[in-house]
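Q: Sending over a structure as structure tokens; questions will come in a sec.
What follows is calculated from the coordinates using simple rules that are stated; it is not laboratory data. Bear in mind that the values here come from a model prediction, so they are computed numbers and not experimental data. Backbone-built Cβ (ideal geometry, glycine too); neighbour counts: all protein chains shown.
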Amino acid sequence: MDQTPPSHLPPSCEPRRESLRIGDVARLVGTTPRTIRYYEEIGLLPEAPARPAGQHRLYTHAEVERLAEAMRLKHLLGVSLEELKTLLTAEEARAEVRAQLRREDVEPTRRLELLNEALGHLDRQLELVRHRAGELRKLEHELCETRKRVRRKIREQNAHAEGAFGPEPALELSGESQS
């Protein structure tokens, strides 16, 4: 089972080598090699490039960072894998837009198009986050209402125990009330 992922990779965990094997990556981000392979299979991580038989898949620093971010978002938001994929795809698209905007030779018209594109990606991400926040607010409300009912029952039980309401009615074993 996945552990709680770090919000970012601590400096002590930064890969010293150019690339890491799957077991090392799993330890760094707090998951299992099986989860990493599954994330590759469903497209959350890029598929492994072709390699000679018997050689291990090596992960770049960028792939480790992407996996760490995926684990953080999944844990933080409690989203489905499909929702996570949507979030990460939008984030990648925003990164691409940012890279284009950093260029000095971007025409003002194109710059505006890029900014509008970034806004669209942000809106999709915010929609998903707000939906999740709404679900959490609903759950919080339900729990608060249940808590109020339980507290009321505790008060009633305490009042009965102190004799404020007189003796409790006798419980019928048959489940029917006597007239």
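Q: Peptides 103-110, 115-122: what's the order by average Cβ count within 10 Å, highest mean first? Spell out each step's value before the answer.
A: Details: 103-110: 8.6, 115-122: 14.4.
Peptide ranking by packing, descending: 115-122, 103-110.
Q: Students often check this: by mean Cβ neighbours within 10 Å, which of 147-160, 30-43 ranks highest, and how do the rest follow?
A: Numbers: 147-160: 10.6, 30-43: 15.9.
Highest-to-lowest ranking by the protection proxy: 30-43, 147-160.
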